[in-house]
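What follows is one structure encoded as structure tokens, with my remarks underneath.
The values are calculated or read from the model by the stated rules, or taken from the named source; none is laboratory data. The structure presented is a predicted model; accordingly, all values stated were derived computationally and were not measured. Note: ideal-geometry Cβ built from the backbone for every residue, glycine included; neighbour counts use all protein chains shown. The area values use the complete protein model at the heavy-atom level, side chains included, leaving out ligands, DNA and RNA. Shrake-Rupley method; radii C 1.70, N 1.55, O 1.52, S 1.80 Å.
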Protein chains: 2
Amino acid sequence: MSNDTTATILRVSSKSNPASVAGAITGVIRERGRCEAQGIGAGAVNQIVKAIAIARGYVAPNGIELVAIPAFLDLDLPEGERTAIRFAIERR
Amino acid sequence: MSNDTTATILRVSSKSNPASVAGAITGVIRERGRCEAQGIGAGAVNQIVKAIAIARGYVAPNGIELVAIPAFLDLDLPEGERTAIRFAIERR
């Protein structure tokens, strides 16, 4: 997972730790109100979804309800074109 | 994918077709305003996420914006305990 500080996009892989990603999501949400996370492949998408479920629990005591908005994103990478999933994570 | 008509939970597997699941989500949303989808494992979760992204496009022309709310769900199945992900899919 790397954190692009200009756009605050969390890049998540199948090896990312969901609780760690959840912590990062929570920090960005508290600071900026919204967050984006993206991953390529089922393993990465699954880790993002688990992280969002965990992050919902982290912020719920503060009266914040997080929702996720998934979209397809075509990436032109050195290894070829890849379709990623990007999640916007926002307060409801 | 099977459709539990009492609770309208779409059960999605890694082999489910995302466009078909998206069509089912769209139908339930239009009829009931909300929908639930659940799956076990990264492949199934990934198909659900793709289906939600597609369904967002299906209903957007009607001024409906869908959001997803993922949660963990412990299932006691004949093959043992499994942790599923259940998505509530709702109008924003």
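Subtracting the Cα-Cα distance of B:A60 and B:S20 from their residue separation scaled by 0.36 nm leaves 12.7 nm. Here the Gaussian network model covers chain A, with springs between Cα atoms less than 10 Å apart; of A:I48, A:I25, A:I69, A:I69 fluctuates the most.
Given R0 = 30 Å, the distance between the Cβ atoms of B:R34 and A:L73 translates into a calculated FRET efficiency of 0.70. If you take the accessible area of B alone, add that of A alone, and subtract the area of the pair, what total do you get in Å², probe 1.4 Å, to the nearest 100? Result for this pair: about 1700 Å² buried. Split chain A at each of the GluC sites (Glu not before Pro) in a DSSP loop with at most 15 other beta carbon atoms within 10 Å, and the longest piece is A:1-64.
Inter-copy label distances at B:K15, using a point 7 Å along Cα-to-Cβ, come to 3.2 nm with the shortest given first.
Within the listed set A:G33, A:G63, A:G43, the residue fluctuating most in the Gaussian network model of chain A (springs between alpha-carbon atoms under 10 angstrom) is A:G63. Against chain B, whose longest principal axis is taken from its Cα atoms, helix B:18-32 shows a tilt of about 70°.
So for the protein assembly as shown: antiparallel DSSP bridges make up what percent, rounded to the nearest 5? Expressed as a percentage, antiparallel bridges in the protein assembly as shown total about 90. Accessible-area loss of 30 Å² or more (1.4 Å probe, protein heavy atoms, chain alone versus all protein chains) is found in region A:58-79 for A:V67, A:A68, A:I69, A:P70, A:F72.
Simple rule: put +1 on each Lys or Arg Cβ and -1 on each Asp or Glu Cβ in chain B, find the dipole, and look at B:A71, B:G57, B:A84; the Cα lying farthest toward the positive end is B:G57.
Taking each DSSP H run with n ≥ 4 as -39500 (n - 2.57) and averaging over every residue of chain A yields -12000 deg cm²/dmol at 222 nm.
Shape class of region B:40-92 from the Cα gyration tensor (axes a ≥ b ≥ c, square roots of the eigenvalues): prolate, since a/c reaches 1.5 or more and a/b is larger than b/c.
What share of Cα pairs, in percent, lie more than 23 angstrom apart in the protein assembly as shown? Summing the P(r) of the protein assembly as shown above 23 Å gives 39 percent of all pairs. Among A:G80, A:G57, A:G41, the residue with the largest mean-square fluctuation in a Gaussian network model of chain A, with springs joining Cα atoms closer than 10 Å, is A:G80. Net charge dipole, region B:21-79: roughly 360 debye, given to the nearest 20, about the Cα centre with Cβ charges of +1 for Lys and Arg and -1 for Asp and Glu.
In angstrom, the C-alpha Rg and Dmax of chain B are 12.6, 43.
Rounded to the nearest 10 degrees, the angle from helix B:42-59 to the longest Cα principal axis of chain B is 10 degrees. Excluding residues on the same chain fewer than 8 positions from B:K15, give the lysines whose Cα lies under 21 Å from its Cα. Candidates past the 8-residue exclusion: A:K50, B:K50.
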